[in-house]
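These notes are about the structure you will find just below.
Readers should treat all values here as calculations from the given coordinates under stated rules, not as data from a laboratory. Everything numeric here is computed off the predicted structure, so don't read it as measured data. Don't worry about glycine lacking a Cβ; one is built from the backbone with ideal geometry, like all the others, and counts go over all protein chains shown.
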């Protein structure tokens with residue numbers, strides 16, 4: 001998976017406005033279900049505001065850790081880092 005890749009996301013918006021990623025689809029059609037969100041952070045740098053989600057998922061029998069970013073101003077999700 002390439003770094004900083006735009007993705008299609010299904011997320012849940014809680015009553016207090018917090019987002020929780022549930023699953024996303026990569027460009028090749030692979031659907032990844034988020035099994036756990038370990039940490040969430042707010043990033044404000046160089047005029048960009050983003051919510052960072054440090055997550056885990058089971059892919060092909062392996063647990064992978066990855067970082068999702070929700071770009072607040074453009075309302076877009078990206079897969080920032082996987083491994």
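Hey, can you tell me all the residues within segment 53-64 that are in contact (Cβ under 8 Å) with a residue 24 or more places away in the chain and over 14 Å from residue 43 (Cβ atoms)? Show your work before the answer.
Taking segment 53-64 and keeping what is in contact (Cβ under 8 Å) with a residue 24 or more places away in the chain, we get 53, 55, 57-59, 63.
Of everything in segment 53-64, those that are in contact (Cβ under 8 Å) with a residue 24 or more places away in the chain and over 14 Å from residue 43 (Cβ atoms) turn out to be 55, 57, 58, 59, 63.
Looking at segment 65-83 only, could you name the residues that are within 22 Å of residue 17 (Cα to Cα), touching a residue at least 24 places away in the same chain (Cβ under 8 Å) and surrounded by 12 or more Cβ atoms within 10 Å (Cβ to Cβ)?
Filtering segment 65-83 for residues within 22 Å of residue 17 (Cα to Cα) gives 67-79.
When the remaining residues are screened for being touching a residue at least 24 places away in the same chain (Cβ under 8 Å), the result is 68-70, 73, 76-79.
Of everything in segment 65-83, those that are within 22 Å of residue 17 (Cα to Cα), touching a residue at least 24 places away in the same chain (Cβ under 8 Å) and surrounded by 12 or more Cβ atoms within 10 Å (Cβ to Cβ) turn out to be 68, 69, 70, 76, 77, 78, 79.
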When the residues of segment 41-58 are filtered to those that are closer than 16 Å to residue 83 by Cβ and in contact with a strand residue (DSSP E or B) (Cβ under 6 Å, 6 or more places away or on another chain), which remaining residue is surrounded by the fewest Cβ atoms within 10 Å (Cβ to Cβ)? 56
Looking only at segment 31-40, decide whether some residue is touching a strand residue (DSSP E or B) at 6+ places or on another chain (Cβ under 7 Å), closer than 17 Å to residue 72 by Cβ and surrounded by 10 or more Cβ atoms within 10 Å (Cβ to Cβ). yes
May I ask you to list the residues in segment 19-30 that are loosely packed, with under 13 Cβ neighbours inside 10 Å and under 19 Å from residue 74 (Cβ atoms)? 27
